[in-house]
Amino acid sequence: MADSSFDVVSKLDSMEVENAVNQARKEVEQRYDFKGVGAEVTLKDQVILIRANTEERALAVLDVLQSKFIKRGLSLKALDSGEPFASGKEYRIESKLKEGIDQATAKTLNKLIRDEGPKGVKSQIQGDELRVSSKSRDDLQATIALLKDADVDTALQFVNFR
């Protein structure tokens, strides 16, 4: 019998990200507590820029953006937000979108599968994803459950289960 396998990846649906940013922008434009504070949200090249005239307002806009991410089913682990910083008369927060599994995280997941996963499960790093294979599909499902509970700062998806 051939080995079954799946891939562990970290990808974002760009349309969902765009929709979440647009919904956050609309809410910021319409809410009374954001009137006259110069608050805005923009998305450009995998970076979301938040601007407002005070640090508290910038953090409030970030909170609105995060709530829109959650409503659209996007993981907050894919959003790498920095601290508010002053830029002239306004405060800005840059949030970078993280895609792909970096080498350190892939090695951590690989070690976790080797140490705590079912016997007979093999994993290998392939670029920015991790391929997990085994003869038993039940072992693969147990491995998925193990990885879902793992404490990593990357949003994980499991694709190509065959």
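The values are calculated or read from the model by the stated rules, or taken from the named source; none is laboratory data. Source: prediction; values computed, not measured. Note that each Cβ is placed from the backbone with ideal geometry, even for glycine, and that neighbours are counted across all protein chains shown. Ligands, DNA and RNA are excluded from the accessible area calculation, which covers all protein heavy atoms including side chains. Shrake-Rupley method; radii C 1.70, N 1.55, O 1.52, S 1.80 Å.
Please work out if Lys119 is free of Cβ contacts under 8 Å to residues at least 24 places away in the same chain, farther than 30 Å from Leu65 by Cβ, open to solvent by 70 Å² or more (accessible area, probe 1.4 Å) and in contact with an Asp or Glu (Cβ under 9 Å, 6 or more places away or on another chain). Answer is yes for this residue.
Rundown of residues vs (1) farther than 30 Å from Ala104 by Cβ; (2) in contact with a strand residue (DSSP E or B) (Cβ under 6 Å, 6 or more places away or on another chain), yes/no style:
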position	(1), (2)
Val8	no, yes
Ser14	no, no
Val17	no, no
Glu27	yes, no
Glu40	yes, yes
Asn53	yes, yes
Arg92	no, yes
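Within region 71-96, the set of residues being under 15 Å from the mean Cα position of the chain (by Cα) and small (Gly, Ala, Ser) comprises Gly73, Ser75, Ala78, Ser81, Gly82, Ser95. Residue count for region 1-53, restricted to those that are open to solvent by less than 30 Å² (accessible area, probe 1.4 Å) and among the small types (Gly, Ala, Ser): 7. Residues that are in a loop (DSSP other than H, G, I, E, B) and hydrophobic (A, V, I, L, M, F, W, C) were ranked within region 1-39; the one that is farthest from Lys77 (Cα to Cα) is Met1.
Evaluated against (1) more than 19 Å from Ser14 (Cα to Cα); (2) at pLDDT 90 or above, Arg72 falls short on exactly one condition, (1). Restricting Glu18, Glu99 to those that are at pLDDT below 90 and within 23 Å of the chain's Cα centre (by Cα) reduces the list to Glu99.
Sub-7 Å Cβ pairs linking a first residue in region 56-84 that is farther than 10 Å from Ala24 by Cβ and open to solvent by less than 70 Å² (accessible area, probe 1.4 Å) to a second residue that is of a type in the set (Phe, Trp, Tyr) and part of a helix (DSSP H, G or I), at least 6 apart or interchain, are Leu76/Phe69; Leu79/Phe69, ordered by first then second residue. Restricting attention to region 128-162 and to residues that are under 23 Å from Leu79 (Cα atoms) and β-branched (Val, Ile, Thr), the residue that is surrounded by the most Cβ atoms within 10 Å (Cβ to Cβ) turns out to be Thr154.
Of all residues in region 94-116, those being under 19 Å from Ser5 (Cα atoms), open to solvent by 50 Å² or more (accessible area, probe 1.4 Å) and not in a helix (DSSP H, G or I) number 0. For region 108-162, a residue qualifies if it is among the basic types (Lys, Arg), in contact with a strand residue (DSSP E or B) (Cβ under 8 Å, 6 or more places away or on another chain) and within 11 Å of Val8 (Cβ to Cβ), and exactly one does: Arg131. Can you confirm whether Ile125 is of a type in the set (Val, Ile, Thr) and buried (at least 18 other Cβ atoms within 10 Å of the Cβ)? For Ile125, the condition - of a type in the set (Val, Ile, Thr) and buried (at least 18 other Cβ atoms within 10 Å of the Cβ) - is not met.
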